[in-house]
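The values are calculated or read from the model by the stated rules, or taken from the named source; none is laboratory data. A quick note: this is a predicted structure, and the numbers were derived from the prediction, not measured. Every residue, glycine among them, receives a Cβ derived from its backbone with ideal geometry; neighbour counts consider all protein chains shown. What goes into the accessible areas is simple: the full protein's heavy atoms, side chains included, and nothing from ligands, DNA or RNA. Shrake-Rupley method; radii C 1.70, N 1.55, O 1.52, S 1.80 Å.
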Amino acid sequence: MTMGVQERKGHLYQVMTHKYITPLVDISGCVPVLVPTCCGIDDLNAYLDMADGVYLTGAGSNIDPALYGQENKTPEKTQDPDRDHFDIPLIRAALDRGLPIFAICRGMQEVNVALGGNIHQKLYAVPGKQDHREDPEAPVAVQYGDSHGVDVTTGSWLADSLGRCDIRVNSLHGQGIDQLAPGLEVLGTAPDGVIEAFHAPSLSRFLVGVQWHPEWQASDNPVSVKLFEAFGEACRRFKAGA
């Protein structure tokens, strides 16, 4: 798990919230190794030598648009260049090793950028797209409550494991995937066509990205449980060399 920067009273911290860590332990059955992104990539392979999987979480920061060839249209939003410059080579190196990857929100967007895709910087301003952002004034439980449906690709492993193709998810993102990177395949879409989930069966035995937040109260959500169980199983298969 890579961490991100947060400033507190003039000091920079590397942080990760409990809500991302606990389902990895409680549902996936994994031991989390939290990796700082503020020291560059010299030790990247040393971290990967310890890993049976890579878990990329959401964050309050946006990816630097220069990394996908665009000017910054949201200068008011925070960025985390250390995480950008760690996670993108991490994703490529993990794929080279065949490591399972589970990516949530910002993490999903990182995978897309790392593999050559790009991002709608202001998804809410794109004609025909709904506003996928949360209400910042609402209680946290409301922000993370289900807000729209997702159509899961018929015949996909996710649809088969859930036993259905229609699910409800929360939505807390101002940005979203525009051009999908080569090798990635759509696994689920919102009613307005926004890509809410992808996988990459031609690139990896397990690479899954979701735009919503399955980590929120994951144990109470059957879809979240399936996702975290699948990631844990993929990590154990990798460890066993299966």
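Within a straight-line Cα-Cα reach of under 29 Å, Lys122 can be paired with the following lysines, leaving aside sequence neighbours fewer than 8 residues apart in one chain: Lys19, Lys73, Lys77.
Of the heavy-atom accessible surface of the range 117-187 (probe 1.4 angstrom), what whole percent is carbon and sulfur?
Values: 1700 of 3540 Å².
Exposed carbon and sulfur together represent 48 percent of the surface.
Which percentage, to the nearest 5, of the DSSP beta bridges contained in the chain is antiparallel?
Working: 20 of 29 bridges.
Of the beta bridges lying entirely in the chain, close to 70 percent run antiparallel.
DSSP H helices in the chain with Cα extent of 20 Å or more along the helix axis and mean Kyte-Doolittle hydropathy at least -0.5? Taking the DSSP H segments of the chain (at least 20 Å long, mean hydropathy at least -0.5), we get 222-240.
Converting phi to 3J(HN,Hα) with the Karplus coefficients 6.51, -1.76 and 1.60 and the offset θ = phi - 60°, the range 7-15 yields 8, 9, 6, x, 10, 9, 10, 9, 9 Hz in sequence order, with x at every glycine or proline. The length gained on full extension between Ala141 and Asp96, counted as 0.36 nm times the residue separation minus their Cα-Cα distance, comes to 12.3 nm. Reported to the nearest whole Å, the Cα centre-to-centre distance from the range 136-183 to the range 207-230 is 10. The value given for the range 90-141 is a Kirkwood hydrodynamic radius of 13.5 Å, derived from the mean inverse Cα-Cα separation. Modelled spin labels at Ala125 and Asp43, positioned 7 Å past Cα toward Cβ, are 4.0 nm from each other. Put a plus charge on the Cβ of each Lys and Arg, a minus charge on the Cβ of each Asp and Glu, and nothing anywhere else: the dipole of the chain about its Cα centre is then about 260 debye.
If you take the beta carbon distance between Thr154 and Leu203 as r and set R0 to 25 Å, what does 1/(1 + (r/R0)^6) give as a FRET efficiency, to the nearest 0.05? Could you put the intermediate results ahead of the total?
Values: r = 21 Å, r/R0 = 0.85.
It comes to 0.70.
Each Lys and Arg adds +1 at its Cβ and each Asp and Glu adds -1 at its Cβ; summed about the Cα centre, the range 1-124 shows a dipole of about 420 debye. Per residue, the chain exposes 47 Å² of solvent-accessible protein surface, assessed with a 1.4 angstrom probe and all protein chains in place.
Could you work out Rg/(2.2 N^0.38 Å) for the range 6-147, with Rg from alpha carbons only? Write down the numbers at each step before the final one.
Working: Rg = 16.2 Å, N = 142, 2.2 N^0.38 = 14.5 Å.
Taking the Cα Rg and dividing by 2.2 N^0.38 Å, one obtains 1.12.
Which semi-axes, in whole Å and largest first, does the equivalent ellipsoid of the range 144-239 have when worked out from the alpha carbon gyration tensor as the square roots of 5 times its eigenvalues? Don't skip to the answer; put the middle values down first.
On the way: eigenvalues 77, 61, 32 Å².
After diagonalising the Cα gyration tensor, the semi-axes are 20, 17, 13 Å.
Apolar share of the accessible surface for the range 1-64: 54 percent from carbon plus sulfur atoms, 1.4 Å probe.
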